1. Can you divide the C-alpha Rg of region 114-163 by 2.2 N^0.38 Å and report the result to two decimal places?
2. From the square roots a ≥ b ≥ c of the eigenvalues of the alpha-carbon gyration tensor of region 2-167, which class results: rounded (a/c under 1.5), prolate (a/b over b/c), or oblate?
3. Post the alpha-carbon centroid distance, region 102-170 to region 43-60, in whole angstrom.
């Protein structure tokens with residue numbers, strides 16, 4: 001998938017470059033990784049994410065310790081348990097194991113949501129700066145060299161989607 005994206009980006013860049021001689025195009029690029037790496041808010045966000053992750057891991061460890069303790073107790077007393085108590089302990093272990101798995105899945109999802117929540121304002125700030133630089137300096141396109149994504153389309157850029165669709169008979 002990445003290779004296809006890079007090939008398409010290269011084809012687009014070559015096409016744009018060849019048109020640049022016929023038109024007055026101004027193309028710029030940025031490295032979003034470099035920009036995000038030096039943003040002062042990034043350290044605060046990373047610290048918050050580390051703390052959040054530690055809280056989740058602590059809870060998961062507590063649950064795992066409880067499971068190990070109950071499993072050990074079950075194994076040590078298995079020979080003296082009645083059928084009813086054995087079944088009850090087995091159900092308790094199974095339920096706890098399910099809770100641990102559910103917690104882990106939910107924790108992964110919640111961590112991703114927290115990460116998005118914290119990073120979205122920073123990403124929006126960078127996007128606005130890119131748009132502003134593009135507009136102020138009359139860039140037709142601004143590309144991200146880190147991801148190969150087109151980040152800015154200027155007012156003098158022509159959208160040829162309709163022409164391509166027509167060529168495809170759509």
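Since every read-out is calculated from the coordinates, none of them should be taken as a lab result. Here the structure is a predicted model, which means the values were calculated and not measured.
1. Details: Rg = 13.2 Å, N = 50, 2.2 N^0.38 = 9.7 Å.
This ratio for region 114-163 stands at 1.36.
2. Working: a/c = 4.96, a/b = 2.85, b/c = 1.74.
It is prolate, given that a/c is not under 1.5 and a/b is the larger ratio.
3. If you average the Cα positions of each part, the centres end up 27 Å apart.
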